[in-house]
Amino acid sequence: ATSEYIITGNELANQTITVSTHGLHILSRPMVICDTQRYERNSLLFAVGFVLRRNVDPRPFWPVLSNLSAIFRSMEVESEFLSHYRTRPQVQVVLEDILVSLNSKQRYCNLLFDDANLLNLHLFRPPPPPPPPVPDYSVPILLRPEWQLQLYDCDLAINWIVPQIDGCKYVKQISNSTE
């Protein structure tokens with residue numbers, strides 16, 4: 001049932017597709033290269049993808065997948081890297097190297113394919129969720145001496161708010177007095 005989303009027709013080409021099923025996230029980026037002279041069926045259809053556990057956030061993988069598919073596309077257009085019988089076995093080796101590199105602690109991959117093609121991928125962690133809102137009745141306290149905060153003289157908000165923090169006023173009072 002998921003094969004329709006891994007390699008699709010032209011309608012979903014160059015789109016990142018995420019399917020979540022059976023405890024997995026399946027990320028796919030189908031690509032189409034149309035060339036009536038080079039290919040028997042007038043185009044080459046391929047997809048690059050990742051399979052992740054369901055508890056892993058797939059969002060950091062989207063730009064990596066986009067870059068990887070763009071590199072494979074350009075290498076195919078320039079040198080038939082995916083379709084030529086001599087270079088086709090190298091695709092498996094490259095994909096295994098990418099898998100090992102992205103699963104390492106550094107979470108990046110640098111591969112030199114040839115003199116003209118270099119692959120640089122970096123998997124960034126997603127940003128943390130935003131902190132919960134501060135209730136109106138919370139009383140702020142300074143965790144640093146006031147003189148250290150005055151070093152940030154370019155920040156007008158700090159200059160307005162810090163003098164109001166005295167350990168007694170709550171957030172609503174401070175916000176009303178700084179308006």
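The table below gives the values:
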quantity: Those residues of the stretch 153-165 which are in a loop (DSSP other than H, G, I, E, B) and surrounded by 12 or more Cβ atoms within 10 Å (Cβ to Cβ), in sequence order; calculated: Asp155, Ile165
quantity: Every residue from the stretch 166-179 that is touching a residue at least 24 places away in the same chain (Cβ under 8 Å) and part of a loop (DSSP other than H, G, I, E, B); calculated: Gly167, Cys168, Lys169, Tyr170
quantity: Every residue from the stretch 111-122 that is modelled with pLDDT of 90 or more and hydrophobic (A, V, I, L, M, F, W, C); calculated: Leu121
quantity: Contacts under 8 angstrom Cβ, first residue in the stretch 9-34 being closer than 12 Å to Asn55 by Cα and outside any strand (DSSP E or B), partner open to solvent by 60 Å² or more (accessible area, probe 1.4 Å) and hydrophobic (A, V, I, L, M, F, W, C), 6 or more apart; calculated: none
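Conditions tested, residue by residue: (1) open to solvent by 60 Å² or more (accessible area, probe 1.4 Å); (2) at pLDDT 90 or above; (3) part of a loop (DSSP other than H, G, I, E, B); (4) closer than 17 Å to Phe46 by Cα.
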| position | (1), (2), (3), (4) |
| --- | --- |
| Val64 | no, yes, no, yes |
| Leu99 | yes, yes, no, no |
| Ser138 | no, yes, yes, no |
| Leu143 | yes, no, yes, no |
| Leu151 | yes, no, yes, no |
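The values are calculated or read from the model by the stated rules, or taken from the named source; none is laboratory data. What you see is a predicted model, and the numbers here were worked out from it, not measured in a lab. As a convention, Cβ positions derive from the backbone with ideal geometry for all residues, glycine included, and neighbour counts pool all protein chains shown. The accessibility values were calculated without ligands, DNA or RNA, using every heavy atom of the protein model including side chains. Shrake-Rupley method; radii C 1.70, N 1.55, O 1.52, S 1.80 Å.
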